[in-house]
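The structure appears right after this line, and notes come after that.
The values are calculated or read from the model by the stated rules, or taken from the named source; none is laboratory data. Only a predicted model underlies this, so the values are computations on that prediction, with no experimental measurement involved. Cβ placement follows ideal geometry from the backbone for every residue including glycine, while neighbour counts extend to all protein chains displayed. Please note that ligands, DNA and RNA were not included when accessible areas were found on the heavy atoms of the full protein model with its side chains. Shrake-Rupley method; radii C 1.70, N 1.55, O 1.52, S 1.80 Å.
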Amino acid sequence: MDFENWDGLIEAIHACEACELAKNCTQKVPGVGSREADLMIIGEGPGHDEDIRGEPFVGRSGQLLDRMLAAIGIAREQVYITNIVKCRPPNNRDPKPEEALMCRGFLEAQIRAIEPRVILSVGRVSAHNLLDTSQPVGKLIRQMHTLPGTDIPVKVTYHPAYLLRTPSAKATAWQDLKQLHRLLK
Ligand code: URA
């Protein structure tokens, strides 16, 4: 998808009615942060809080994500945060492959506009869609990836919602953050 400029892209996201998700969400959640960001963080899709606020990662997962970034000296304002899908899936179900596909052009345009040095892919849905794989996250986090069709490095890590449920995974996530920090230096 080609858009005249950034504002045109965001307007197109707000106007999109390409799939069922658009009918059921409160509002679109295009993304937030710096357009000059070196780091782009890509999650799955808006949850309840994000749907109400119109901003990604503002609920409990988002607060943990902010603390994880702060631990490596990065403020939320320095990065660009978005999701695979821009509308909340009902009852927080996984976005369907066809829904992710409908949103794909928006995400690709956001990546082209921001030209991040590194992408942090959080959670299974994000990693599977970005890397076009179905391997478990526990395997994907063990190696670096490249966004298909580009030379942008992709670091996969656990979703903060998973870390909230599974504190034992936090040690691995900390290693991921340290690796991310090295990549950005
Ligand atoms: N989980 C996500 O993957 N994205 C959000 O924006 C919020 C929670």
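Data for the structure
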{"item": "Residues located in segment 143-173, provided they are charged (D, E, K, R) and loosely packed, with under 11 Cβ neighbours inside 10 Å", "result": "Asp151, Arg165"}
{"item": "Lone unmet requirement of (1) open to solvent by 50 Å² or more (accessible area, probe 1.4 Å); (2) in contact with a helix residue (DSSP H, G or I) (Cβ under 7 Å, 6 or more places away or on another chain); (3) not basic (Lys, Arg) for Gln135", "result": "(2)"}
{"item": "Odd one out for Gly62, checked against (1) closer than 27 Å to Asp7 by Cα; (2) away from the ligand (no atom under 11 Å from the Cβ); (3) assigned to a helix (DSSP H, G or I)", "result": "(2)"}
{"item": "Residue in segment 167-182 that is over 25 Å from Glu115 (Cβ atoms) and under 15 Å from the mean Cα position of the chain (by Cα) present", "result": "no"}
{"item": "Any pair with Cβ under 6 angstrom, 6 or more apart, that starts in segment 158-185 at a residue that is closer than 20 Å to Gly59 by Cα and ends at one that is open to solvent by less than 70 Å² (accessible area, probe 1.4 Å) and of a type in the set (S, T, N, Q)", "result": "Pro160/Ser61; Ala161/Ser61; Ala173/Thr157"}
{"item": "Residues being of a type in the set (A, V, I, L, M), open to solvent by 20 Å² or more (accessible area, probe 1.4 Å) and either within 11 Å of the ligand (Cβ to nearest atom) or closer than 17 Å to Leu120 by Cα (or both) - total across segment 17-57", "result": "1"}
{"item": "So Arg88, is it in a helix (DSSP H, G or I) and not hydrophobic (A, V, I, L, M, F, W, C)", "result": "no"}
{"item": "Residue in segment 99-112 that is modelled with pLDDT of 95 or more and assigned to a loop (DSSP other than H, G, I, E, B) present", "result": "no"}
{"item": "Residue among Gln110, Gln78, Gln179 that is within 16 Å of the ligand (Cβ to nearest atom) and touching a strand residue (DSSP E or B) at 6+ places or on another chain (Cβ under 8 Å)", "result": "Gln110"}
{"item": "Lone qualifier among Met1, Met40 - being aliphatic (A, V, I, L, M) and at pLDDT 95 or above", "result": "Met40"}
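For (1) in a loop (DSSP other than H, G, I, E, B); (2) of a type in the set (Val, Ile, Thr); (3) closer than 25 Å to Leu131 by Cα; (4) free of Cβ contacts under 8 Å to residues at least 24 places away in the same chain, each residue gets a yes or a no:
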| residue | (1), (2), (3), (4) |
| --- | --- |
| Asp2 | yes, no, yes, no |
| Leu21 | no, no, yes, no |
| Gly45 | yes, no, yes, no |
| Asp49 | no, no, no, yes |
| Phe57 | yes, no, yes, no |
| Met68 | no, no, yes, no |
| Gly73 | yes, no, no, no |
